[in-house]
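Notes for the one structure printed next.
The values are calculated or read from the model by the stated rules, or taken from the named source; none is laboratory data. No experiment lies behind these values; they were computed from the predicted model shown. Note that each Cβ is placed from the backbone with ideal geometry, even for glycine, and that neighbours are counted across all protein chains shown.
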Amino acid sequence: MSLPVTPVILTYNEEPNLRRALESLFWAQRVIVLDSGSTDATEAIAKSFSNVDWHIRPFDSHRAQWTHGICATGITSEFVLGLDADMSVPRQFVEEMSLSIKEQKYQGGITPFEFRILGRTLAGSIYPAQLRLFKPDMVRIRQAGHTQEFSTSGPIYRFKTPLIHDDRKSLERWVLSQLSYSSLEANRINAGSAMRWRDWVRTLGLMPVIAGVLAYLRAGGPLKGAAAVRYAYERAGYECLLAIRLMSSRLQKGD
């Protein structure tokens with residue numbers, strides 16, 4: 001299958017995830033992997049795939065890293081598929097993507113996600129559908145908080161087939177990531193920029209409980225056993241770190 005699509009993946013120490021992602025991209029003639037200086041087997045895994053084009057750039061922000069990966073790596077295809085290293089692409093998604101591109105009327109595609117915990121599929125998640133397929137010369141990349149947001153003008157296709165999200169990095173690495181993400185989100189909220197309803201709830205310190213309960217129910221609750229419980233703890237854990245940062249800011253201001 002030949003598609004006018006170049007997948008782009010950002011990596012940093014993604015040894016537990018990257019092979020699954022790249023194995024699902026067998027259909028792509030070229031895959032851009034933009035690394036931030038990994039010290040594990042990420043590079044060796046990436047270079048073991050003949051369709052991978054390996055690049056390195058020191059990380060400064062998600063927005064800048066994605067801009068470089070999309071605009072400065074010589075991409076000539078009509079579309080880019082922006083992926084995280086813990087995502088993989090099912091065959092059904094590739095088939096649906098091929099059909100949507102043939103219609104020649106879409107500027108991009110919004111994809112849902114199937115969440116898995118250590119390979120166990122959840123009934124759902126609180127992770128929103130996102131624009132992940134787009135024309136590289138038409139995409140806008142924004143970073144209000146801890147990660148990027150892609151957007152584009154014109155008609156958007158909505159995929160029925162989800163991408164698979166299954167992050168198998170260690171707990172220690174997960175905690176370090178959440179510490180960084182919560183710091184960036186706290187800075188955004190404290191600056192009062194792009195406030196959403198959930199940010200107002202976060203300033204009250206209520207979001208850890210709400211996020212935990214909602215994540216557990218969306219994941220399938222008791223029907224999904226330990227996987228649903230772990231997912232709920234992950235979402236509540238991140239919100240706890242963010243709440244502590246926000247409450248500390250309030251206390252330092254004398255509130």
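When residues of segment 65-96 are filtered for being under 24 Å from residue 45 (Cβ atoms), in a helix (DSSP H, G or I) and in contact (Cβ under 8 Å) with a residue 40 or more places away in the chain, how many remain?
6
Residues in segment 121-143 that are in a loop (DSSP other than H, G, I, E, B) and either touching a residue at least 60 places away in the same chain (Cβ under 8 Å) or under 23 Å from residue 230 (Cα atoms) (or both): how many? Talk me through it step by step, then tell me what you get.
So in segment 121-143, the residues in a loop (DSSP other than H, G, I, E, B) come out as 122-129, 135-139, 143.
Narrowing further to those that are either touching a residue at least 60 places away in the same chain (Cβ under 8 Å) or under 23 Å from residue 230 (Cα atoms) (or both): 122-129, 136, 139, 143.
Adding up the residues that qualify gives 11.
Filter segment 99-110 for residues that are surrounded by fewer than 18 Cβ atoms within 10 Å (Cβ to Cβ) and over 16 Å from residue 89 (Cβ atoms) and give the result.
Scanning segment 99-110 gives 102, 103, 104, 105, 107.
When only residues in segment 111-120 that are assigned to a strand (DSSP E or B) and touching a Phe, Trp or Tyr at 6+ places or on another chain (Cβ under 7 Å) count, which is surrounded by the fewest Cβ atoms within 10 Å (Cβ to Cβ)?
For segment 111-120, the residue satisfying everything is 113.
Identify, please: which residue in segment 102-129 is modelled with pLDDT of 95 or more and of a type in the set (S, T, N, Q) and is, among those, farthest from residue 79 (Cα to Cα)?
Going through the qualifying residues, I end up with 121.
I need every pair where a residue in segment 151-177 that is in a loop (DSSP other than H, G, I, E, B) has its Cβ under 6 Å from the Cβ of a residue that is among the aliphatic types (A, V, I, L, M), sequence separation at least 6 or different chains.
From segment 151-177, the pairs are 152/138; 152/139.
Within segment 26-50, can you find the residues that are in contact with a Phe, Trp or Tyr (Cβ under 8 Å, 6 or more places away or on another chain) and either small (Gly, Ala, Ser) or surrounded by 13 or more Cβ atoms within 10 Å (Cβ to Cβ) (or both)?
31, 33, 35, 36, 37, 38, 42, 43, 46 - these are the residues of segment 26-50 that are in contact with a Phe, Trp or Tyr (Cβ under 8 Å, 6 or more places away or on another chain) and either small (Gly, Ala, Ser) or surrounded by 13 or more Cβ atoms within 10 Å (Cβ to Cβ) (or both).
Restricting to segment 82-106, count the residues that are under 20 Å from the mean Cα position of the chain (by Cα) and either acidic (Asp, Glu) or within 15 Å of residue 156 (Cβ to Cβ) (or both).
Residues that pass the stated criteria total 4.
Among the residues of segment 51-73, write down those that are of a type in the set (S, T, N, Q), more than 19 Å from the chain's Cα centre (by Cα) and surrounded by 15 or more Cβ atoms within 10 Å (Cβ to Cβ). Steps first, answer last, please.
Here is the first cut: in segment 51-73, the ones of a type in the set (S, T, N, Q) are 51, 61, 65, 67, 73.
Next, only the ones that are more than 19 Å from the chain's Cα centre (by Cα) stay: 51, 73.
73, the sole residue that qualifies.
Against the condition of a type in the set (D, E, K, R) and farther than 24 Å from residue 140 by Cα, how does residue 105 come out, does it pass?
On the way: of a type in the set (D, E, K, R): yes; farther than 24 Å from residue 140 by Cα: no.
For residue 105, the condition - of a type in the set (D, E, K, R) and farther than 24 Å from residue 140 by Cα - is not met.
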